[in-house]
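The values are calculated or read from the model by the stated rules, or taken from the named source; none is laboratory data. As the structure is a computational prediction, the values presented were derived from the model and not from experiment. Cβ: placed from backbone, ideal geometry, glycine included. Neighbour counts: every protein chain shown. Heavy atoms of the whole protein, side chains included, go into the accessibility calculation; ligands, DNA and RNA do not. Shrake-Rupley method; radii C 1.70, N 1.55, O 1.52, S 1.80 Å.
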Amino acid sequence: MIRWSLLILVTVGLTVGADALGIPSAALFVALLVAVIFALAGWAPTTGTERAPLPRRLGMVAQAVLGVEIGTLVQRDTLSSLGDAWLPVLLACVGTLVLSIAAGALLGLRKDIDSLTGALALVAGGASGLVAIAQELGGDERVVAVVQYLRVVLVTTTLPLVATLVFRAQPGQSTMLADSGAPLYVDLAFVLVCGGVGVLLALALRFPAPALLGPLIVATCADLLGFSFDASVPTLLLWAAYIVIGWQAGLRFTVASLKSISRVLPSALLLIIAVTVGCAMLGLWLASATGTSGYEGYLATTPGGVYAVLAIAASTGANVTFVVAAQVIRVFMMLFAVPMGAKVVHHYRRGRPE
């Protein structure tokens, strides 16, 4: 009990500080870092089983909350604003997926990384969701967590530099109005209903990663059909979900696994840079295909840091609705394609003779 209390106090305290400093996905990053330190120092709390540092049901609840959060990103007006540009946007997202899979395949060529973990680690979209379901899909969530967060940090930190130095973006008027929001009880009811119904539906349909994809689908449908009542996931609840996901990955670390991951990082960094540059090229193509500016095409195809992208787009007067729509489609495509693909590959492998 003392170890759990200490883990909670340190994680929450540092999360508040990191969030104040503007660190992206602060709760997930801090929880992962603190859990790694606790695990390596031998302070990690236990639940009675070494293979499951946290109860499985708690992990599923965190995934469900995250699924609802991603689902609320979808807005009917935002997607309809694409107009005739939907096909180029979709093709750009497919291109991002192909780049990610190719980079993951290259990372998976290493002897200390399996192909599935390599793919999950370098998929450009839904970092927190992929970390949450990595173990369930059969990958090493420790590698996935570190490489995915490295991608988010790299993309987020370079965004302002590229916007200012390359595209000469200046502060301007946002083209997107802020949502009015809903009362707390409406937010909580929305999360509870979408999460509960989504998980049951996904289990019934035998979806991969049901705790994430089920609530995501239900929340998305509620938004698109106008039944969301402007609800969103309360910030503290979302932080709690991120913290659980970070703990799940971090508490599994050992000295041996840390050494193994440190050997992977140089290769992963080069591949992340390659994917980022490739996505920038896709952004320039998207701009020419849709008649938008190169800057808006770049923001629409940036492989990560969705909230940072939207903040920069809003503050520099870019077409935020176009950027939001493209980014949401990218995240959805990645989060659906990867679990489905992993399920197909797993089925294929199981059916092959040894």
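Given a Förster distance of 56 Å, report the FRET efficiency between I37 and L87 from their Cβ-Cβ distance, rounded to the nearest 0.05. After rounding to 0.05, the efficiency reads 0.75.
Annotation: extensible slack from R3 through I23 equals 4.6 nm (criterion: 0.36 nm per residue apart, minus Cα-Cα distance).
For T254 and D230, a Förster radius of 45 Å and the Cβ-Cβ distance give a FRET efficiency of 0.50, rounded to the nearest 0.05. For the chain, carbon and sulfur atoms together expose 69% of the accessible surface, with a 1.4 angstrom probe and every protein chain in place. A full extension of the chain between L270 and L161 corresponds to an added length of 37.3 nm, given 0.36 nm per residue minus the alpha carbon distance. Per residue, the chain reaches -24500 deg cm²/dmol at 222 nm when only DSSP H runs of four or more residues are counted, each adding -39500 (n - 2.57).
Here the 3J(HN,Hα) profile of the stretch 3-12, calculated from phi with Karplus coefficients 6.51, -1.76 and 1.60 at θ = phi - 60°, is 5, 4, 4, 5, 4, 5, 4, 5, 5, 5 Hz, Gly and Pro shown as x. Distance between the modelled labels on V197 and A182, one decimal in nanometres: 1.1 nm (7 Å Cα→Cβ projection).
With each label modelled as a point 7 angstrom along the Cα→C-beta vector, the C221-S293 pair spans 4.0 nm.
Between V193, V143, V275, the GNM of the chain built on Cα springs shorter than 10 angstrom shows V193 fluctuating the most.
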